[in-house]
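Okay, so here's the structure we're looking at.
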Amino acid sequence: MSVTNKKNKYTALIGIGSNIDPEKNIRLAIRRLSQEVDILSCSRVWQNPAVGSTGPDYLNAALLVESEMGCHELKHDILLPLESNLNRVRTSNKNADRTIDLDILLFDENCLDEEMWTQPHVSIPCAEIIPHLKNPKTKESLQAAAERLFPGEGFFLREDIDLCSLYQGP
């Protein structure tokens, strides 16, 4: 799948996660995000233990979106206000529990977050959407990275949650 700019539209791969009332907050975030951008595709939902803390498990997914907004505008005018609206509290602890986390991982063909290649809670949902994306440094595909990083125990697919029904996809 190509994720290139066409007709003044940009594509972005957005990571979405939560460990405070995660089912509710992820659904709300997707519904609200779908009012601002076109959601082209979504991954399934994965549950995993908190990384770097002893908090509750996280639910994580990824969305491929299209918008006329540039990267800065998407982040500052849409994602950060949406996080704030869903009561995201930012602290100095980057691993703190959160109601919602929305990160631009890929903007057009530019990788903005190296965790896509190093963290299973990011790589696995993203690989469902763009498995053939290549790491510009190692040339490893995202699918290969996801398979390499899959931790096994404690990390599992939540087949009971369907996010794709929350927006009018193509």
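All of the numbers you see were taken from the coordinates with simple rules; none came from a lab. All values reported here derive from a predicted model rather than from experimental measurement. In this analysis, Cβ positions are derived from the backbone assuming ideal geometry, glycine residues included, and neighbour counts consider all displayed protein chains.
For the range 82-103, enumerate the residues that are of a type in the set (Gly, Ala, Ser), over 24 Å from residue 34 (Cα atoms) and free of Cβ contacts under 8 Å to residues at least 40 places away in the same chain.
Quick first cut of the range 82-103, residues of a type in the set (Gly, Ala, Ser) only: 84, 92, 96.
Right, trim to over 24 Å from residue 34 (Cα atoms) and you get 92, 96.
Within the range 82-103, just 92 meets the criteria.
Hey, can you tell me all the residues within the range 142-166 that are assigned to a helix (DSSP H, G or I) and within 28 Å of residue 33 (Cα to Cα)? Step through it out loud before you land on a result.
First, pick out the residues of the range 142-166 that are assigned to a helix (DSSP H, G or I): 142-149, 164-166.
Answer for the range 142-166, where residues must be assigned to a helix (DSSP H, G or I) and within 28 Å of residue 33 (Cα to Cα): 142, 143, 145, 146, 164, 165, 166.
Please enumerate the residues belonging to the range 105-141 that are surrounded by fewer than 19 Cβ atoms within 10 Å (Cβ to Cβ) and assigned to a strand (DSSP E or B).
110, 111, 134, 141
So if I check each of 99, 11, which one is assigned to a loop (DSSP other than H, G, I, E, B), crowded, with 17+ Cβ neighbours inside 10 Å and either within 12 Å of the chain's Cα centre (by Cα) or at negative phi (or both)? Steps first, answer last, please.
Numbers: 11 fails: assigned to a loop (DSSP other than H, G, I, E, B).
Step by step, each of 99, 11 is checked, and only 99 is assigned to a loop (DSSP other than H, G, I, E, B), crowded, with 17+ Cβ neighbours inside 10 Å and either within 12 Å of the chain's Cα centre (by Cα) or at negative phi (or both).
Residue-by-condition table, conditions (1) touching a helix residue (DSSP H, G or I) at 6+ places or on another chain (Cβ under 8 Å); (2) charged (D, E, K, R):
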position: 102; (1), (2): yes, no
position: 106; (1), (2): yes, no
position: 113; (1), (2): yes, yes
position: 120; (1), (2): yes, no
position: 135; (1), (2): yes, no
position: 149; (1), (2): yes, no
position: 158; (1), (2): no, yes
